[in-house]
1. Of the options VAL38, THR64, LEU119, report the single residue whose Cα projects farthest towards the positive end of the charge dipole of the chain (beta-carbon charges: Lys, Arg +1; Asp, Glu -1).
2. At 222 nm, what value in deg cm²/dmol follows for the chain if DSSP H runs of at least 4 each add -39500 (n - 2.57) and the sum is divided by all its residues, to the nearest 500?
3. May I ask you to compute the full-extension gain from ASP124 to ASP41, defined as 0.36 nm times their residue separation minus their alpha-carbon distance, rounded to one decimal in nm?
4. In square nanometres and to one decimal, what's the mean projected area of the convex hull around the Cα atoms of region 5-175?
5. Determine how many Å³ per residue the convex hull of the Cα atoms of region 25-126 encloses.
6. For each of ASP125, ASP67, ASP47, count neighbouring Cβ atoms within 10 Å of the residue's Cβ, then give the residues from fewest to most.
7. What ranking of ASP131, ASP71 emerges when the number of other C-beta atoms within 10 Å of each C-beta is taken as an exposure proxy, fewest first?
8. Among MET81, MET26, rank each residue by its count of other Cβ atoms within 10 Å, from fewest to most, as a rough exposure measure.
Amino acid sequence: MDMDLDQNLFTPEVPRDIQSIVLDYMVKIAKSINVTGVSVDILRSSDVICVSIPSDELFLPNDTLLDSNADKYLPKLLPLMADPYMYKVLVCVHSDDTGSNEYLARLTDMRQNSIYEWLLQQIDDGKISEDLVVIPFAMGNNEYLVDNNSRENRRQNRRVEFYFIPGPKLLDLARQNRLK
């Protein structure tokens, strides 16, 4: 848990002998995530899914509490979290560059806490297991997608990314050629 974002994204490494099986499965899962306004990408060697939700869809401007609009997006990710051993989940909250570094760090940290609280509520409601490992990262404006030189570009940079990395059960099922 003391790893940075890049170390977490590359751990665990998928063994060569099952890479093609894991790749096919992750591509299939990524294609099944059909949520309007959300981008879904495959990273690493095509074995990590990144679901990116615009922060403006989850939070009001400069607010840290989830907006009611979040219910259109976050619950759609719960099926990927149903089995706590299928994926390691990273949640990264990003901002644009409007404000001081301290403000942006605090904003993304508090937004990350709101998402974590939402996940805890899903555990309390029995929708996901308390064994699910979710690793949060408040990124501030450290990893922007595009230059922050326009209102639209700043909107693109404000996002919450959910990374789904193959977990031990997924790797075991791939070894047994039982991924469906």
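1. Result: VAL38.
2. -10000 deg cm²/dmol
3. 26.9 nm
4. 9.7 nm²
5. 115 Å³
6. Arranged by neighbour count, lowest to highest, ASP125, ASP67, ASP47 become ASP125, ASP67, ASP47.
7. Listing ASP131, ASP71 from fewest to most nearby Cβ atoms yields ASP131, ASP71.
8. Fewest-to-most ranking of MET81, MET26: MET81, MET26.
Every number here is computed from the coordinates shown, using simple stated rules; none is lab data. Since the structure is predicted, the reported quantities are computational estimates derived from the model, not experimental observations. Because the Cβ atoms are built from the backbone with ideal geometry, glycine has one as well, and the counts that use them run over all protein chains shown.
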